[in-house]
Structures are given as structure tokens and as C-alpha cells.
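As C-alpha cells, the structure follows; a few thoughts come after it.
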Amino acid sequence: MATKKKYYVVWNGVTPGIYDSWNQCKLQIQGYPGAKYKSFKTKEEAEEAFLAGANASISSKTYSSDHNKDYQNHLAEIDLPSLSVDAACSGNPGIVEYQGVDTASKIVFFKKGPFNKGTNNLGEFLALIHALAFLKKKGDHEMTVYSDSRTAMSWLRNKKVKTTFFDKYKNDELLDLVNRAIIWMDNNPSYNPVKKWNTKKWGEIPADFGRK
């Protein structure tokens with residue numbers, strides 16, 4: 001059986017960039033102090049991650065044995081009430097959808113999609129902006145919003161969507177939502193508290209679609 005191709009992003013190395021083989025990647029990081037790199041399944045993912053930076057892309061989600069942890073055992077550490085968001089993407093790019101739920105009860109506040117073609121990062125970002133706009137419309141300026149995506153949070157923090165997706169793929173519906181989200185960020189310099197969901201400690205975020 002043929003080995004599935006991977007793409008390797010090197011942020012800190014001899015020559016930072018995107019490489020399509022482990023041997024090429026290894027040449028950039030071997031013996032390099034503080035090397036930062038990560039593999040991705042698609043070139044699109046790798047390009048987005050390279051633009052987002054190492055801090056936004058490394059350990060954005062942690063699974064393995066942590067996948068089955070139950071956040072209900074850690075409610076004392078979690079802001080409640082709060083709203084949790086997540087996205088699911090079948091392929092990347094692929095069919096994407098996102099949702100926001102009540103953290104404690106998992107009651108769905110909103111759900112959008114599926115969109116025929118998109119990326120998980122775009123879904124995570126749109127979910128986060130949707131949550132903030134949703135709470136503002138309700139007049140709630142205090143409720144915490146949890147996301148498990150460092151990339152989405154960095155796009156919000158920097159008020160810039162770093163993706164090459166729309167340079168390569170046509171999806172007018174998704175592009176319209178992203179443009180509206182950018183306008184919302186520009187018009188709303190302050191917003192509800194946004195916190196990183198501690199997947200490693202608490203397990204899957206309550207808004208997870210359960211398709212891992």
C-alpha cells in the first residue's frame with residue numbers, strides 16, 4: 001500500500017518553508033536549536049499553518065489518550081455559563097460545518113453548514129465570530145467563548161484571516177461569510193472573553209462533532 005503524502009511546515013529551521021518530503025524537512029531541522037515544524041495531510045493545510053505561524057499551529061488539538069477525557073469532571077475550572085464552538089471538515093479542503101453550544105448542557109445555540117468546500121481553520125474561525133456576534137446581539141458582553149483552535153483565535157486577535165484557500169478554490173458562500181466576519185472584527189474592537197479550551201486536560205470541547 002502506498003504511503004499517503006504529507007507536507008511539512010518548518011517555521012524555525014535552516015530555511016523556513018513548506019516541504020513535500022520528510023527527508024527535505026529533516027535537512028532543515030536536524031541539529032537546529034529550537035527547531036519548530038509539523039506535518040500536514042494537505043498542501044492547503046500546510047500553507048495556512050505556515051502563514052499562521054508556529055504558535056497558532058502547533059498543538060492546536062490534542063487527541064490520543066486525552067480524547068476520552070470528560071470535561072464534566074473539570075467544571076470547577078471552566079467558566080460557566082459559557083459558549084463553546086467547533087467545526088468539522090470531511091477532508092481538508094472538504095465539506096465543512098460549524099456550531100456553537102452551551103458548554104455545560106451541549107444545547108445547540110447555532111449551527112451552520114454544511115458548505116461544499118472549505119477548511120477546518122475557516123470553519124473554526126467562522127464559528128468563533130458567529131459566537132461573538134450572537135452574544136452581542138443578545139446583549140451579553142460577559143459570557144466566555146471557548147475555542148480549541150489557536151489558529152482561529154490568532155486570526156481574531158490579529159484581525160486578519162491568513163489563508164490561501166480562496167486563491168485556489170471557488171466558494172462564494174463561504175467567502176461572503178468570511179468577508180462579513182472581517183467587517184464584524186473591524187467594527188467591534190472589543191468583544192466577549194475568548195479562551196482556549198484545554199483539550200489535553202479536559203477532553204473534547206463540548207461543541208465537537210464527534211467524528212474523530
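Computed from the coordinates by the stated procedures, all read-outs in this text should not be read as laboratory data. Everything numeric here is computed off the predicted structure, so don't read it as measured data. Methodologically, a virtual Cβ is constructed for each residue, glycine included, from the backbone with ideal geometry; neighbour enumeration extends over all protein chains shown.
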Item to check | Segment Tyr169-Lys112, length gained on full extension (0.36 nm per residue, minus Cα span) | outcome: 18.5 nm
Checklist entry - When the chain is treated as a GNM, springs tying every alpha-carbon pair under 10 Å, which of Leu51, Leu27, Leu128 comes out with the largest mean-square fluctuation? => result Leu27
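At 222 nm, what value in deg cm²/dmol follows for the chain if DSSP H runs of at least 4 each add -39500 (n - 2.57) and the sum is divided by all its residues, to the nearest 500?
One gets -10000 deg cm²/dmol as the mean residue ellipticity at 222 nm.
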Next on the checklist: How large is log10 of I(q)/I(0) for the chain at q = 0.15 Å⁻¹ when the intensity is taken from the Debye formula with one equal scatterer per alpha-carbon?
Outcome noted: -0.99
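Based on the Cβ-Cβ distance of Lys159 and Asp20, what FRET efficiency does E = 1/(1 + (r/R0)^6) give at R0 = 35 Å, to the nearest 0.05?
Efficiency computed from Cβ-Cβ geometry: 0.65.
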Item to check | Sites Ile183 and Lys41 - FRET efficiency at Förster radius 25 Å, r taken between beta-carbons, to 0.05 | outcome: 0.20
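What dipole magnitude, in Debye to the nearest 20, does the chain give about its Cα centre under +1 on Lys/Arg Cβ and -1 on Asp/Glu Cβ?
For this selection, approximately 500 debye.
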Checklist outcome for this item: FRET efficiency for Leu51 and His141 from the Cβ-Cβ distance with R0 = 41 Å, rounded to 0.05, comes out at 0.85
Checklist outcome for this item: Of Thr144, Thr103, Thr164, the most mobile residue in a GNM of the chain (C-alpha springs, cutoff 10 Å) is Thr164
